[in-house]
Amino acid sequence: CNVLLSGLPNYAIRSLQLVQNAARILTKTRKYDHITPVLSELLTPYTPARPLRSLDAALLVIPSINKTSLGFRAFAYRAPYLWNTLPLHVKEASSVENFKSRLKTHLYSLFYSLP
């Protein structure tokens, strides 16, 4: 994912670092511990109560939020929302490297298909 972050202005990278630091404070994680497992605990897979076509779509539950506040910017809301918008072939990657490659290809195709 470092390729996706290259070229970003320093203020954007600082914003991402602030999110990670805030997650560390809220979850009481040490500075040098990996934050990814901690953040993944905040995500819940979607399991419908009855068999639906969406069962195999690798969706995440999007928590309900108060739209008058800034809840739509919270990781617990935004991460599942963005994950659910990804195409299935990106979500079903067999490895992290494969996922990164498919995600990059998907993002490039979105960017270059704009009018």
* Look through SER40, SER6, SER64 and report the one residue that is within 26 Å of ASN98 (Cα to Cα), at pLDDT 70 or above and exposed (fewer than 11 other Cβ atoms within 10 Å of the Cβ). => SER40
* **Out of TYR77, TYR108, TYR81, sole residue that is in contact with a strand residue (DSSP E or B) (Cβ under 9 Å, 6 or more places away or on another chain) and not polar (S, T, N, Q)** => TYR81
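Would you be able to tell me the number of residues in segment 78-94 that are outside any helix (DSSP H, G or I) and open to solvent by less than 40 Å² (accessible area, probe 1.4 Å)? Full working, then the answer.
Quick first cut of segment 78-94, residues outside any helix (DSSP H, G or I) only: 86-87, 92-94.
Applying the additional criterion that residues be open to solvent by less than 40 Å² (accessible area, probe 1.4 Å) yields 86-87, 93.
The total comes to 3.
The values are calculated or read from the model by the stated rules, or taken from the named source; none is laboratory data. This is a predicted model, so every value here is computed, not measured. Note: ideal-geometry Cβ built from the backbone for every residue, glycine included; neighbour counts use all protein chains shown. Just the protein is used for accessible areas: all its heavy atoms, side chains included, with ligands, DNA and RNA removed. Shrake-Rupley method; radii C 1.70, N 1.55, O 1.52, S 1.80 Å.
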